[in-house]
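Any read-out appearing in this document is the output of simple, stated calculations on the displayed coordinates, not a laboratory observation. No experiment lies behind these values; they were computed from the predicted model shown. Glycine gets a Cβ as well: all are built from the backbone with ideal geometry, and neighbour counts include every protein chain shown.
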Amino acid sequence: MEEQAKGLLKRINEKKLEKNTKFLAVASGKGGVGKTNFAVNFSYILANDFNKKVLLIDADIGMANVHILVNVNTKKTLKDILNGEKIENIIFSTRGIDILPGFSGIDAINEVDDSSVLRFVQNLNDVSENYDYIIIDTAAGIDNKVISFIRASSKTYVITTPEPTAIMDAYALIKSMKKLYDYSDFKVVVNMAKSEEEGVDTFDRLKASINKFLNMDIKLAGILPATKNIQKTVKKKQIISEVYPSDKFVLQLKKIAAEELGEPPPPLKESFWEKVINFLKKD
Ligand SMILES: Nc1ncnc2c1ncn2[C@@H]1O[C@H](COP(=O)(O)OP(=O)(O)OP(=O)(O)O)[C@@H](O)[C@H]1O
Ligand SMILES: [Mg+2]
């Protein structure tokens, strides 16, 4: 493991990768708040409205569903990469987005150890320079794998809904990352808001706790309304941004994407891959 990691670090330093690639994680704490819908539609908008080269990684190991939302049957998944397959043979393209599909099942979760994740990282390293954005859809909760991807991203979009439990879990996620790793590059998305007012109120509550107890500030990325068109399209395995480009949800998401494009990546103390590897080495 140590030798493998050293070899990879050497390669990374030589290639000076990720100069132009932004790594953005999508996380939440609580499950079912809209991470995957956000990640898929955000990727779609960056690719199709803003002409960016995007790789969407389904990093929800054990409960993968990006490929279901985009209605593509995949024979090969992230699991094959962990078993030695080349990443180029796994990525598929649909609607202008490249997607690295995840996999599901309890056996799959058990198979994912540190060295297989490292191998995955090595493979991804070879393709990351082809992309403007790498969007990482993570699992609910705060396990080691989620943490390593958040920690390694230059920014994390934290998704919450107005429900107090979702706000609490978003707070818990941010608190853990701040306390354990001094990571604070978060932006908040309030999803499923019934009104602008409810969205602002949700953000204000989360922000107040963060300001008070974590001694840090946090910004609002945007408020995404609850919309029936999401459920409609999810059922039909369509992408709302493609089918209903004027839905309020989509228009709001376009604003978030436009703002993202205007933001330079924060200066990285360690590169994405160094962070992932150093984190894995600690275990
Ligand atoms: N803005 C919205 N309006 C209405 N329904 C929504 C909205 N966003 C998401 N949903 C619905 O919420 C459900 C969960 O969405 P999604 O799968 O994106 O959440 P998730 O956070 O990725 O879940 P998990 O934690 O299981 O990965 C879906 O059924 C989706 O249709
Ligand atoms: Mg999801």
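State whether region 121-201 is rounded, prolate or oblate according to the following rule on the C-alpha gyration tensor (a ≥ b ≥ c being the square roots of its eigenvalues): a/c under 1.5 gives rounded; otherwise a/b larger than b/c gives prolate, and the remaining case gives oblate.
Prolate is the answer for region 121-201, as a/c is 1.5 or above and a/b outweighs b/c.
I need the phi-derived Karplus couplings for region 55-67: 6.51 cos²θ - 1.76 cosθ + 1.60, θ = phi - 60°, integer Hz, Gly and Pro marked x.
Computed from phi, the couplings for region 55-67 are 10, 9, 9, 7, 9, 7, 5, x, 9, 5, 8, 4, 4 Hz.
Which far-off residues, 5 or more places away or on another chain, put their amide H under 5 Å from the one on ILE61, with H placed in the peptide plane?
Residues meeting the criterion, in which the H sits 1.01 Å from N, are ALA139.
Going by average Cβ density within 10 Å per residue, which order do the peptides 26-39, 197-210 take, highest to lowest?
26-39, 197-210
Give, rounded to the nearest 20 debye, the magnitude of the charge dipole that region 141-262 has about its Cα centre when Lys and Arg contribute +1 at Cβ and Asp and Glu contribute -1 at Cβ.
340 debye
Read phi for every residue in region 199-208 and hand back ³J(HN,Hα) as whole Hz from Karplus 6.51 cos²θ - 1.76 cosθ + 1.60, θ = phi - 60°, with x for Gly and Pro.
Running phi through 6.51 cos²θ - 1.76 cosθ + 1.60 with θ = phi - 60° gives x, 5, 4, 4, 4, 4, 5, 5, 4, 4 Hz.
What nm value, rounded to one decimal, do you get for the distance between LYS212 and PHE92 when each label is placed 7 Å out toward the C-beta?
4.8 nm
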